[in-house]
Structures are given as C-alpha cells and as structure tokens.
1. Order 127, 138, most accessible first, counting only protein heavy atoms with a 1.4 angstrom probe.
2. Of all beta bridges DSSP finds with both residues in the range 20-121, what is the antiparallel percent, to the nearest 5?
3. When only alpha-carbon atoms count, how far does the range 99-150 stretch along each of its three principal axes, as whole angstroms with the largest first?
4. For residue 117, tell me the accessible area in Å² from a 1.4 Å probe, rounded to the nearest 10.
5. In what sequence, largest accessible area first, do 78, 129 appear using a 1.4 Å probe?
6. What pairs in 33/88; 80/146; 33/146; 90/146 have C-alpha atoms more than 19 Å from each other?
7. Determine ³J(HN,Hα), in whole Hz, for all residues of the range 79-95 in sequence, where each value follows from phi through the Karplus function 6.51 cos²θ - 1.76 cosθ + 1.60 and θ = phi - 60°; x replaces Gly and Pro.
8. Magnitude of the Cβ-charge dipole of the range 44-150, K/R +1 and D/E -1, about the Cα centre, nearest 20 debye?
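The values are calculated or read from the model by the stated rules, or taken from the named source; none is laboratory data. Please read these numbers as outputs of a predicted model, since none were measured by experiment. All Cβ positions, glycine included, derive from the backbone under ideal geometry; neighbour counts span all protein chains shown. Areas reflect the complete protein model, heavy atoms only, side chains present, ligands, DNA and RNA absent. Shrake-Rupley method; radii C 1.70, N 1.55, O 1.52, S 1.80 Å.
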Amino acid sequence: VLNIVLPILEEGEKITQSDKNIRYSLSLIRQDKELDLALLRLECTENNITVVPISPNVGIGGEDVYSVSYPQGSGVVMTKGNIQHIWKGKVLCTADVYPGSSGGGVFNLKGELIGITSNIGVYPTHFDMIPISYLHYFIPIDVISKWLTQ
C-alpha cells in the first residue's frame, strides 16, 4: 500500500516522491472541484499492484459498508457504518471519517469498492461549521464511471 499525501496539483503538473524504497510519480490528468474528484496518473517502480474489484451497486438505505482512509497522513483508518440515503448524486453514510479522509474508499461487505469519500458531515452554527465524524458523503462508482467516460 502506498500512503500518499499530495500537495495541491495543477492539471499537467507532476510530482515525484519515495515511500518505503518505492519511487513514484504522480501527475494530475483532470479534476472536477464540484464533484471533488481528480484523475491521477501513477508511475511506480513497484510492479506488484493489486486491483480492487468495484461494484456500481450502492444498495439501499441500511446496507453495511466500510470506509477506509488515510486522514491527514495519520495512518490507515477503517470504520464501519451504513448507507442512509442518496442526495444530489452523493450517498450519505454513517461510517466515521475525519478531516483529510477525502479520496478514501468505501467498500461493501464483499470487499468491492462502491464509492470514494467526498465530504465529512458538518453541523452549521452561527459562528462555525462543526465536523460530524459519524456522517459523510461518498461519490458512488457509477457517478465516477460516468465522469471518467466524459
């Protein structure tokens, strides 16, 4: 597993880093700030890459899921929750996530990737937005697939 913490990249910009004696280069191909998605090109000296199965089927409310992320470089965090509802193309989920979890995977109980974490839940007050770690939105694979084919 490569644990990559990225600076903000401009389209076409390339960075090269090393992690555990593995040298890799990343470049930003395309991004969509509204969807909170980015397509990166990864060139890596490691050739032992595992492909994660995906599923376009998010399921209905109540389905158990796992969120796996690397919030702010603090280490891999896996939490369990369930799907609440779909709103504006994103899925509300109760698995705990923390600031910096965006880009992490959301998996069904079969281990299939069903989405990518996008927004942590927030509670607005008069003065601030308070993070709600037990709620987050993720972008389902079917929305990501449509975006990639455009």
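1. Details: 127 195, 138 0 Å².
If we order 127, 138 from most to least accessible, we get 127, 138.
2. Working: 24 of 25 bridges.
Of the beta bridges lying entirely in the range 20-121, close to 95 percent run antiparallel.
3. The principal-axis extents, from largest down, are 41, 29, 15 Å.
4. Rounded to the nearest 10, that gives 0 Å².
5. Numbers: 78 130, 129 105 Å².
Ranked list, largest accessible area first: 78, 129.
6. Details: 33/88 15 Å; 80/146 27 Å; 33/146 16 Å; 90/146 14 Å.
Exceeds cut-off: 80/146.
7. Here the 3J(HN,Hα) series is 10, 10, x, 9, 7, 9, 6, 9, 9, 6, x, 10, 10, 7, 9, 9, 5 Hz.
8. On the way: 5 positive and 7 negative charges, 37 e Å.
The calculated dipole for the range 44-150 is roughly 180 debye.
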